[in-house]
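The values are calculated or read from the model by the stated rules, or taken from the named source; none is laboratory data. Note that the structure is predicted; figures quoted are calculated from it, not measured. Please note: Cβ atoms are built from the backbone with ideal geometry, for glycine as well, and neighbour counts cover all protein chains shown. Accessible surface areas use protein heavy atoms only, side chains included; no ligands, DNA or RNA. Shrake-Rupley method; radii C 1.70, N 1.55, O 1.52, S 1.80 Å.
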Amino acid sequence: MQNSIASKGKGILAMDESNATCGKRLESIGLENTEANRQAYRQLLVTTPGLGDYISGAILFEETLYQSTTDGRTMVDCLNANGIIPGIKVDKGLVPLTGSNNESWCQGLDGLASRTAAYYKQGARFAKWRTVVSIPNGPSELAVTEAAWGLARYASICQDNGLAPIVEPEILLDGDHGIDRTLEVASKVWSKVFYFLAENNVLFEGILLKPSMVTPGAECKERATPEQVAQYTLNMLKRRVPPAVPGIMFLSGGQSEVEATLNLNAMNQSPNPWHVSFSYARALQNSVLKTWKGQPENVEAAQRALLVRAKANSLAQLGKYSAEGEAEEAKQGMFVKGYTY
């Protein structure tokens with residue numbers, strides 16, 4: 001399963017925004033946050049013709065996993081027909097971590113075994129659990145340990161129930177720190193994550209990683225080139241991630257569409273021990289939403305916009321992307337301070 005997702009020139013479409021976050025996206029184009037509007041938008045994504053040429057997996061929110069299109073097909077069947085493997089977000093979101101430096105932890109382990117079994121029955125074949133680490137807030141030893149332990153327990157439970165787990169400790173972009181500080185924190189986090197994965201007998205061949213790229217903080221005055229981001233990120237991964245792991249599927253984390261693609265392309269200029277690819281949400285969907293505007297007559301144009309971004313990232317996975325001809329809009333950063341899902 002994880003090897004099918006980590007196939008050449010392909011990555012993941014993260015479309016697992018919670019109803020509240022999906023509502024924020026819809027509001028940005030003047031749409032009300034209703035189930036019908038969420039259905040219309042997600043139907044647009046999963047029925048895009050030819051999307052499976054560039055996308056191997058799609059992460060769904062629970063509502064979407066059980067949802068059908070307006071013509072009665074399940075969203076899962078639409079993805080399968082497109083050659084895309086359905087996945088599911090299984091965490092229950094972030095809550096304050098008492099005893100920490102104003103940090104958070106991710107809930108959702110209670111009842112996870114029965115939920116993952118039900119998701120598998122519904123057609124999901126992989127899962128995602130996102131936890132976060134904040135550099136301006138420390139990060140405290142407590143927060144890093146909690147993040148790593150939670151990810152390891154989740155991964156173990158998923159593998160026990162037939163789902164390939166995506167392991168995602170996101171190092172938030174918030175802050176004015178430089179790239180060296182990000183490297184230091186990311187190295188510490190991944191060291192602890194793999195320690196606990198091993199302690200929980202998680203099979204490394206059966207997971208995918210979803211790391212943040214090693215970049216300066218969003219408010220740092222010194223920006224990094226794609227080459228620097230690639231060098232720092234790959235150095236960190238080579239020190240921390242066993243080659244047994246099939247795929248590294250980066251999150252975009254508020255980078256602009258073009259920036260995320262350029263950075264991925266730079267990482268694929270030389271061979272890596274793993275499939276180095278993408279699992280983007282905003283960096284695949286931003287142009288799509290703005291093109292669609294909630295109008296039925298814009299669906300085809302919005303689907304074309306999705307294919308443009310998916311193809312650009314497919315080329316970046318192959319190390320063959322060039323930003324020539326990219327729209328100015330695609331270069332606009334999407335960082336939101338204190339962003340919540």
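Determine the distance separating the Cα centre of the range 267-297 from the Cα centre of the range 112-131; give it in Å without decimals. Cα centres, the range 267-297 to the range 112-131: 23 Å.
The loop-placed trypsin sites (Lys or Arg not before Pro) in the range 1-91, going by DSSP, that have at most 12 neighbouring Cβ atoms within 10 Å of their Cβ come out as LYS8.
Think of it as helices only: each DSSP H run of n ≥ 4 in the chain is worth -39500 (n - 2.57), and spread over all residues that comes to -13000 deg cm²/dmol at 222 nm.
Close amide H pairs (under 5 Å, H built 1.01 Å from N) link LEU60 with GLY87, ILE88, LYS89, residues at least 5 positions away or on another chain.
Each Lys or Arg adds one and each Asp or Glu subtracts one; over the other residues with Cβ under 9 Å from the Cβ of GLY253, this totals 0.
Distances between every pair of Cα atoms in the range 75-199, grouped in 10 Å steps from 0 to the bin holding the largest one, split as 13, 39, 29, 15, 3 percent.
Heavy-atom accessible area for SER256, with the other protein chains in place and a 1.4 Å probe, reaches approximately 10 Å². Close amide H pairs (under 5 Å, H built 1.01 Å from N) link TYR280 with ILE12, ALA14, residues at least 5 positions away or on another chain. Roughly how many whole Å is it from the C-alpha centroid of the range 67-98 to that of the range 141-184? Value for the Cα centre distance between the two parts: 21 Å.
Dimensions of the range 143-292 from C-alpha coordinates, computed as largest minus smallest value along each principal axis and given longest first, are 41, 38, 32 Å. Compared with the rule-of-thumb size 2.2 N^0.38 Å for a compact globular protein, the range 154-231 has a Cα radius of gyration ratio of 1.30. Protein heavy-atom accessible surface, 1.4 Å probe, per residue over the range 10-130: 40 Å². Here the contact order of the chain, divided by its residue count and restricted to Cα pairs under 8 Å and six or more residues apart, works out to 19 percent. Rounded to two decimals, the Cα radius of gyration of the chain over 2.2 N^0.38 Å is 0.92. Projecting the Cα atoms of VAL258, LEU13, GLY50 onto the charge dipole of the chain (Cβ charges, centred on the Cα centre) puts GLY50 farthest toward the positive pole. Neighbours of GLY99 by Cβ distance under 12 Å: Lys/Arg scored +1, Asp/Glu scored -1, total -3. Each residue of the range 1-47 gets 100 Å³ once the volume of the Cα convex hull is shared out per residue. Most mobile of GLY206, GLY99, GLY50 per a Gaussian network model of the chain (Cα springs, under 10 Å)? Of GLY206, GLY99, GLY50, the most mobile in the Gaussian network model is GLY99.
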